[in-house]
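Please treat every number below as a calculation from the coordinates, not as lab data. Small disclaimer: the values here were computed from a predicted structure and weren't measured. When we count neighbours, we look across all protein chains shown, and the Cβ atoms used for this are built from the backbone with ideal geometry, even at glycine.
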Amino acid sequence: MHSLPIDHSIILRNLFGITPKQNQAVIALAGNPNVGKSTLFNALTGLRQHTGNWPGKTVDNAQGAFTYKDKSFLLIDLPGTYSILAHTVEEEIARDFICFGKPNVTLVVLDATSMERNLNLALQVMEITSNIVVCVNLIDEAKKQNIIVDTTLLENELGVPVIATSARNKTGLKELCETLYLVARGKLITQPKNITYSEEIENAVNILLPKIEQLNIGCILNPRWVALRLLDGDKKIISNICRYLDLQPSKYYEREVEITL
Amino acid sequence: MNSNTNTVPLSNISIGNNCKIANIEHKGLMRRRILDLGIIPGTAVECVRRGPSGDPTAYYIRGTTIALRNEDAAKINVYPI
Amino acid sequence: MNYATKSQALSNLWEDSNKIRTTSENIFSDKIVSDIYKSAELIAKKSVRKNSKKLDFTSKLDNILTSKITGYPIMLIILGFILWLTISGANFPSKILAKALFSIQDILTGLFLATGAPDWLHGVLVLGLYRSSAWVLSVMLPPMAIFFPLFTLLEDLGVLPRVAFNLDHLFKKAKACGKQSLTMCMGFGCNAAGVVSCRIIDSPRERLIAILTNNFVPCNGRYPTLIAIGTIFGAGSLAQQYQTTVAAGIITILILIGIAVTFTVSWLLSHTLLKGEASSMVLELPPYRKPKILSVIYRSIIDRTLFVLKRALIIAAPAGAITWIMANVFIGDFSILTHTANFLQPVAGAIGLDGFILLAFILGLPANEIVFPILIMSYLSNGYIVELDSITELQNLLVSNGWTWLTAVNTMIFCLLHWPCATTLITTLKETGSKKWTFLAFLMPTCIAFAVCFILTQTVHILGLI
């Protein structure tokens with residue numbers, strides 16, 4: 001496996017407007033809207049945060065820092081999205097950051113009271129990166145509704161660490177930080193389980209795989225995931241790969257639809 | 001398109017009743033959004049309440065309450081339960 | 001593989017996958033989502049246990065908040081209550097803040113005197129720049145420090161989606177999005193913040209409508225003008241404690257007018273400049289939650305109040321300096337200010353105002369708070385903005401300058417409908433990325449304000465009501 005062709009900090013700065021300090025681990029915060037992502041973000045970073053926009057887009061971006069043990073972390077709050085199959089600007093931002101921004105850890109926040117829908121996002125993220133920690137939030141709310149989440153079983157099913165939290169009540173945060181710390185330092189290796197799709201799709205993926213592997217972008221992106229994105233009709237993935245490789249706006253890059261008078 | 005006589009539009013389901021998603025007629029971005037929310041064939045849906053003027057309608061789906069306008073709910077076909 | 005071949009290979013790859021995709025009637029997208037959900041369901045089945053059905057408190061409260069009978073009245077009551085709290089709560093702190101800041105001004109004046117600085121410099125910097133900043137701060141900070149936390153509290157509770165839920169059908173008629181009700185609510189605090197909040201609307205067309213109409217709900221900066229005039233002409237004779245309630249009542253009525261205008265203009269835009277069909281709306285109704293009060297207060301003050309304030313000060317300070325210059329530089333017998341007011345008199349008269357009022361609005365482009373003080377200053381012709389404490393004094397001043405009830409009504413309506421403040425315009429430019437639309441955001445409310453006041457004035461004159 002050869003090294004990344006471009007200095008990663010340039011990518012982070014130019015494409016995402018993020019400049020982590022030396023030895024600061026970057027953590028991406030992903031999750032559905034209304035799962036308490038902001039609450040968690042505030043709980044972890046307190047005053048040390050600043051908000052702005054993602055470069056070139058009118059979408060909020062919040063960055064904050066915190067320290068745990070001897071490690072400094074930069075927490076990036078991604079836009080809340082129901083999926084990252086990238087059909088809206090928010091989804092594209094979240095997807096691009098996890099893919100190309102390559103955070104040290106991606107923290108996916110789930111709502112304990114709607115696990116099915118939230119797992120949908122978690123599974124999608126697991127297809128992109130294995131540096132992932134799952135946080136089952138709103139555990140207090142779930143208790144009120146008599147919903148019980150077995151995090152150990154979930155961990156076995158997913159193959160990634162799962163921590164139960166209530167960001168509002170500040171419970172579970174210590175375990176969360178500990179897990180983030182271990183994953184960021186490479187002391188905890190995750191083994192995300194792959195999703196098996198139906199036969200048609202798996203067959204189609206197998207047809208495309210060799211052609212993708214020829215491109216030798218395996219160091220950047222999981223070829224199987226790229227195949228799935230293409231089958232989903234995601235044209236932007238092509239231009240984004242070009243843009244990433246080249247760090248120039250690709251001529252294939254489609255502009256967003258603008259209303260004109 | 002809707003040749004199956006067992007299905008009705010979601011907007012026909014009255015408050016308190018349940019149903020199962022049969023198919024979705026929406027296209028484009030709305031279709032993606034609906035699918036991403038987990039409103040896919042086979043999903044159980046409960047009609048919870050209507051707005052003060054009868055529109056929109058709130059549905060309980062996979063643990064969340066989501067409100068849809070009646071014209072949008074009309075393009076989702078369901079099997080009443 | 002170098003870049004050229006790579007991008008060519010990627011193109012080919014796209015073509016190949018397209019072939020596969022389209023031969024299967026485009027069902028891959030659907031299947032992919034279904035399959036992921038199937039996996040999610042399996043995992044959830046194993047690891048999540050649901051013992052009883054979904055909750056009651058949220059259901060019970062929703063039954064009240066969204067019902068045919070109680071839904072709208074409750075929303076109106078909440079609105080009125082928040083306004084009342086904002087106005088009455090801000091009264092005292094505003095006075096204290098003003099006192100403190102103006103006494104600092106005296107110290108500054110002392111410094112200028114001691115160093116023998118020229119009079120005009122003292123005028124521009126202290127009486128103009130500092131004084132108007134102090135005014136803006138003392139008038140803007142207390143209400144915002146109450147309004148934004150209250151608003152954030154409602155957000156935290158989970159009430160806001162219900163408001164969108166209740167009002168959506170009205171917006172649908174105007175071919176706009178129900179979430180516009182939320183951006184409108186934000187506009188009660190600050191129109192610029194309201195414009196930014198329009199990001200929650202997905203459709204670009206509907207987002208633009210929400211941005212362009214946000215101006216029709218009065219922001220905190222306009223409350224002082226509305227309250228002052230409303231109190232003087234509406235409740236001048238009543239006892240102190242009723243005045244706040246009447247003031248809140250008047251603002252509520254004006255807000256309702258503003259909301260009506262919002263719907264009308266949204267409808268018009270949807271049928272003319274921004275033609276289009278109502279897009280689909282998906283609104284999540286999360287369960288009600290006990291708000292974390294301290295963190296709400298903290299967050300809203302830091303993120304919203306201080307942020308808005310900072311911007312306002314940066315803009316209001318120079319505006320104050322310019323106003324002082326206009327009021328104190330004389331050409332012949334009159335100051336530039338008076339000359340300009342006289343120049344504007346014909347137009348202003350036609351819409352039921354006078355030259356000084358119109359000029360005050362124009363000079364208040366940077367920040368709406370300074371409109372009323374500039375007006376008082378003009379009438380008193382003492383060259384620097386001033387606050388008169390008693391309602392009676394104010395009433396006498398206005399009446400002796402030709403004010404009638406018609407003038408008061410027109411001024412309040414003009415205040416409600418006129419062009420957005422500079423900060424809002426700049427924010428509109430940033431959010432829309434278009435000079436064309438920002439210009440329209442300026443032009444449209446202006447034309448509407450002139451038209452409405454003109455029609456009202458002429459009608460009243462024709463009917464002989466004055």
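Can you compute the FRET efficiency between C:ASN12 and C:ASP119 using 1/(1 + (r/R0)^6), with r the Cβ-Cβ distance and R0 = 56 Å? Round to the nearest 0.05.
Using R0 = 56 Å, I get an efficiency of 0.10.
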Please compute, for peptide C:178-185, the average count of beta-carbon atoms on other protein chains lying within 10 Å of each residue's beta-carbon. 1
Please identify, among B:GLY28, B:GLY51, B:GLY16, the residue showing maximal mean-square fluctuation in a Gaussian network model of chain B using a 10 angstrom Cα cutoff. B:GLY28
Hz values of 3J(HN,Hα) by residue in segment C:138-150 - Karplus curve (6.51, -1.76, 1.60), Gly and Pro given as x: 6, 8, 8, 5, x, x, 5, 6, 9, 5, 4, x, 4
Treating cross-link reach as a plain straight distance, find the lysines whose alpha-carbon is under 21 Å from the alpha-carbon of C:LYS95, omitting any fewer than eight places away in the same chain. C:LYS310
Please give the average number of partner chain Cβ atoms lying within 10 Å of the Cβ of each residue in C:65-75, rounded to a whole number. 2
Please check: in the Gaussian network model of chain A (C-alpha springs, under 10 Å), which one of A:ILE128, A:ILE237, A:ILE212 has the largest mean-square fluctuation. A:ILE212
Between segment A:28-92 and segment B:1-59, what's the alpha-carbon centroid distance in Å? 32 Å
Are there trypsin sites (Lys or Arg not before Pro) in segment A:4-103 that DSSP puts in a loop and that have at most 13 other Cβ atoms within 10 Å, and which ones? A:LYS21, A:ARG48, A:LYS69
Would you kindly calculate the mean projected area, averaged across all directions, of the convex hull enclosing the Cα atoms of segment B:8-80, in square nanometres? 4.1 nm²
Enter the mean number of other protein chain beta carbons within 10 Å of the beta carbon of each residue in B:46-54, as an integer. 6
Out of residues 5 or more away from A:THR171 or on other chains, whose amide H comes under 5 Å of its own, with H placed 1.01 Å from N in the peptide plane? A:SER166
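Within segment C:52-92, which trypsin sites (Lys or Arg not before Pro) sit in a loop by DSSP and count at most 11 neighbouring Cβ atoms inside 10 Å?
Those that pass, being in a loop and sparsely packed, are C:LYS53, C:LYS68.
Can you put C:PHE57, C:PHE81 in order, fewest other beta carbons within 10 Å first?
Final ranking by Cβ density, sparse to dense: C:PHE57, C:PHE81.
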Under 20 Å Cα-Cα from A:LYS21, which aspartates and glutamates qualify once same-chain neighbours fewer than 8 residues away are excluded? A:ASP7, A:ASP70, A:ASP77
With θ set to phi - 60°, apply the Karplus curve 6.51 cos²θ - 1.76 cosθ + 1.60 along segment A:177-192 and write out the HN-Hα couplings as whole Hz, x wherever there is a Gly or Pro. 4, 4, 5, 4, 4, 5, 5, 4, 8, x, 8, 10, 9, 9, 10, x
In terms of modelled amide H atoms, which long-range or inter-chain residues lie less than 5 Å from the amide H of A:ASN61? A:GLY52, A:ASN53, A:TRP54
Please list the non-local residues whose amide H lies under 5 Å from the amide H of C:TYR288, H modeled 1.01 Å from N, same-chain partners needing a gap of 5 or more. C:THR58
Only Lys, Arg (+1) and Asp, Glu (-1) charged, at Cβ; segment A:36-160 dipole about Cα centre in debye: 380 debye
Could you run the Karplus curve 6.51 cos²θ - 1.76 cosθ + 1.60 with θ = phi - 60° over segment B:8-20 and give me ³J(HN,Hα) per residue in whole Hz, x for Gly and Pro? 10, x, 4, 5, 7, 6, 8, 4, x, 8, 10, 7, 10
Holding the Cα-Cα limit at 30 Å, pick out from A:LYS37/C:LYS436; A:LYS37/C:LYS435; C:LYS175/C:LYS430 the pairs that are longer than that. A:LYS37/C:LYS436; A:LYS37/C:LYS435
Below 15 angstrom from the Cβ of C:ILE107, what's the summed charge of the other residues (Lys, Arg +1; Asp, Glu -1)? +1
Proximal lysines relative to A:LYS236, as straight alpha-carbon distance under 24 Å, when same-chain residues fewer than 8 apart are discounted: A:LYS57, A:LYS102, A:LYS211, A:LYS251, B:LYS27, C:LYS6, C:LYS19, C:LYS31
Ordered by packing density, taken as the mean number of other Cβ atoms within 10 Å over each peptide's residues, highest first, how do A:81-91, C:367-377 rank? C:367-377, A:81-91
Working note, the protein assembly as shown: Cα radius of gyration (Å, one decimal) and Dmax (Å, whole number) are 29.5, 93
Part-to-part distance (alpha-carbon centres) for segment A:114-167 and segment C:408-446, which is given in Å: 46 Å
May I ask you to order C:283-292, A:114-123 by the average number of other C-beta atoms within 10 Å around their residues, highest value first? A:114-123, C:283-292
